[in-house]
Amino acid sequence: MSKKSNKIEIDILSDISDIQEGHSQVIPIVTENEDELSENYSIPESLPILSLRSSVLFPGSITPITVGREKSMKLIRDVEAGTGILGAVLQKESDVEQPAPDDMYRIGTAARILKTLDMPNGNLTVILHGLEKIEINEYLSSEPYFTATVTPLKDTTPASGNVEFEALVESIKDVALNIISVSPNIPKEASFAIKNIDSKRGIINFICSNLDFEDADRQRLLEAPGLLARARRLLEILVREQQLVELKNKIQSKVKQDIDQQQKEYYLQQQIRTIQEELGGNEDEAEIARMREEAKTKKWSKEVGEMFNKELNKLERLNPAVAEYSVQMNYLQLMLELPWGECTQDNLDLKHARERLDNDHFGLEEVKERLLEHLAVIKLKGDLKSPIICLYGPPGVGKTSLGKSVAGALGRKFGRISLGGLHDESEIRGHRRTYIGAMPGRIIQTIKRCGSSNPVIILDEVDKIGVGNHGDPSSALLEVLDPEQNTTFHDNYLDTEYDLSKTLFIATANNIQNVHPALRDRMEMINIPGYLLEEKIEIGLHHLLPKEREAHGIPAESLLLSREVMERIISDYTREAGVRGLDKMLAKIARHRAKDIGFEQEYNPEISVEDLEKILGMPKFRNEKYEVSGITGVVTGLAWTEVGGDILYIESILSPGKGKLSLTGNLGDVMKESATIALEWTKAHYAELGIDKEKFENFDINIHVPEGAIPKDGPSAGITMVTSLVSTYTGRKVKDRIAMTGETTLRGRVMPVGGIKEKILAAKRAGISEIILSEDNAKDIAEIKEDYVEGLKFHFVRTNEEVLELALEK
């Protein structure tokens, strides 16, 4: 051994006198020529193999290893007494107590023993000096310890002046120094050692041995084929470790800042409390005292009172600085603001209620009667344990405003809950207070806003409730709308029962088919089919026009409309069941007149028909007028639409062919079935009808309903199609100004249909004088005002033969 090596060994041994059990300290060799490490010692062909649990020995490093296994201790004693050289190999799993050859890696390091130290607990600490990397070829024995044949693997060193290697070493030094500077657990002396190692091999092996890497990473570094590859792998691992250390420090710094902020806020809150006490009282305590006094005036049950006091006592124990304090305060404030048992006095004068409904709404006699019956029950019995009313019909017919009128007639507070698009059950029942941003449900919020326990609440658009991932709101409404259950309605936020039995709920919907069946079962469905043309004229003249004049600041004498002009607005510019579109048109006229007045222009107070095109533009709709007379195969039918009644023509024509039936005009499935039934019935009775049988075989028949862009469906055109087909096959003309509606069967029976009121008025507007209906529809005619059916002649029939007798010329 050279003198330089002896000096290094003496320095090392003087530095390890304080090594304790389990402590590992790595001391670098600082030599000018690292090849001396292996040149002064020859590596035997076979070596005793020491298995290391969690340490990788690199060439050139000196590492203390604690040995506790009997086999390993015997190996150390024998090697120390012999050659002093052994093979140190990392085992793959550190928890394996007695590893087999397959449990250890194949690449390790030949090392010599510098010194052994006996520990107080019986273990042995051995100081190993890494000499050279070795590869295990074959294990020769396993007792009393492993021995194996080995092959030295000398690390190749890049040629002097290799730019990549020099750049890698500099980068490794920079990153390692940065990790040491930001890591509180690494002693700062390590950076001094890195700066003072001149050898590039020494720098790389020192950092591989000293920094806190995983054993698998250290083994990868040891197995690198040459110093250049080891440098590349080391830089990759160092960069990853640097990012981890920086992220860890960032997280710790953020946590420390948050804790410091909380401590600062707590300290300031305590100072504020002390100052407030010195000034004569605490604002929070004064608020709690006020709430306690207000609670004494509430008309709640004993259970609710006890619950309130319990929650108030909990609030007193809370620190105002914590987030839970404001949540608790909001909850108690809600309990105080709710009108527990506080009700407004009902005005049960039914005559007054009738006057109010008649003043606010024209027509709708059936609906008004049902609402008055409802109010009469309240007057006689004093409670509302009767079915909840649901008003359903097209938009703009006044469903919501009817609810307002009922509230006004009773003298009650009015609330409205829009349910359109609702898809969260908690919107009805409320959120539990454990959630951040929890709120009571809309029912409780509306009761609080109304300020009484017996308001009239409109549940708008119950048919447009959706189902989402947070429950079914329709099911939550079952408890609200069931008179047997809503006396103990439970809101999740309120967390106690609230009596809704005195609240009058009126639901509205456009399509009852979309309402939950169980919810529909709890409500009494009242249909508002829409307004007739005559009713719309009255509503426009006596309700909407005065409202728009007032809304636009126009004197009554400055804007006048005749019945004829109002009818033209309704028929030419609106097509709806309600009056919402009519209201918009009147608003447009009012704005035009307001501009005339504002510019001080001359104008005629009365709007004429000619003025409409100037103000509203060209007519948007065309109402059907009776335009056919004595044409074979063309029959006038009556149809119901969402915006009222209308007339439509059924046309049929023969063309050479093989008896094929064609249907055109955008017909639905039911209407197509009616056409097929009509043709089959006609074929079955060709002899009685006087039809040449060969026409069915030699001619195709086409049935068409004009205005193909408009979808059409329903069974009402059954007898109309029969009449059209018989007229076409026989050549008999249809009588003038006659229309019909009714369903037919294969046996020729004429069945009743709906929408008679709207259809009759459409026929009258179109100039029809005779109407053919099923005899079962006679009762519907009796319900229509005489003014609306004046001038019309009705024929009630049972069979198709009677229809043909009335409709076709001889």
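For this structure, a couple of remarks:
- Remark on segment 634-807: Rg and Dmax equal 15.5, 50 Å (Cα only).
- The packing ranking, built from the mean of other Cβ atoms within 10 Å per residue, places the peptides 510-517, 259-266, 209-216 in the order 209-216, 510-517, 259-266, highest first.
- Taking only Cα atoms of segment 533-616, radius of gyration then Dmax in Å: 11.9, 38
- Burial order of peptide ranges 490-501, 775-786 (average beta-carbon count within 10 Å, highest first): 490-501, 775-786
- Of the residues H592, L541, A556, the one whose Cα sits farthest toward the positive end of the charge dipole of segment 533-616, with +1 on the Cβ of Lys and Arg and -1 on the Cβ of Asp and Glu, is H592.
- Charge dipole (Cα centre; +1 on Lys/Arg Cβ, -1 on Asp/Glu Cβ; no other charges) of segment 283-337 amounts to roughly 300 debye.
- Legend: residue pairs K693/K733; K399/K614; K759/K779; K547/K588, Cα-Cα distance threshold 23 Å; pairs beyond threshold, K399/K614.
- Protection proxy ranking, peptides 143-154, 231-242, average beta carbon neighbours within 10 Å, highest first: 231-242, 143-154
- Rounded to the nearest 10 degrees, the angle from helix 399-410 to the longest Cα principal axis of the chain is 80 degrees.
- Helix 350-360 and the longest principal axis of the C-alpha atoms of the chain enclose an angle of approximately 80°.
- Only helices enter the 222 nm calculation for the chain: every DSSP H run of n ≥ 4 contributes -39,500 (n - 2.57), and dividing by all residues gives -13500 deg cm²/dmol, rounded to 500.
- Relative to the Cα centre, the charge distribution of segment 526-655, modelled as +1 at Lys and Arg Cβ and -1 at Asp and Glu Cβ, gives a dipole magnitude of about 380 debye.
- Check: the chain dipole with +1 on Lys, Arg Cβ and -1 on Asp, Glu Cβ, in debye: 1080
- DSSP beta bridge pairing in the chain, given as percent antiparallel to the nearest 5: 60
- Were the residues from S608 through S401 laid out at 0.36 nm apart, the gain over their Cα-Cα distance would be 71.4 nm.
- Annotation: segment 284-384 has a Kirkwood hydrodynamic radius of 17.3 angstrom, from the mean reciprocal C-alpha pair distance.
- Gap separating the Cα centres of segment 762-786 and segment 59-132, nearest whole Å: 111
- Among C208, C450, sorting on how many other beta-carbon atoms sit within 10 Å of each Cβ, with the fewest leading, yields C450, C208.
- The value for segment 283-337 of Rg(Cα) / (2.2 N^0.38 Å) is 1.07.
- Size-normalised alpha-carbon gyration radius of segment 380-504, reference 2.2 N^0.38 Å: 1.06
- If you take the Cα centroid of segment 672-719 and the Cα centroid of segment 448-488, the two points sit 50 Å apart.
Here, each number is a calculation from the coordinates, and none is a lab measurement. Predicted, not measured: the structure shown is a model, and the values here were computed from it. Neighbour counts are summed over all protein chains in view; Cβ atoms, including those assigned to glycine, are modelled from backbone coordinates with ideal geometry.
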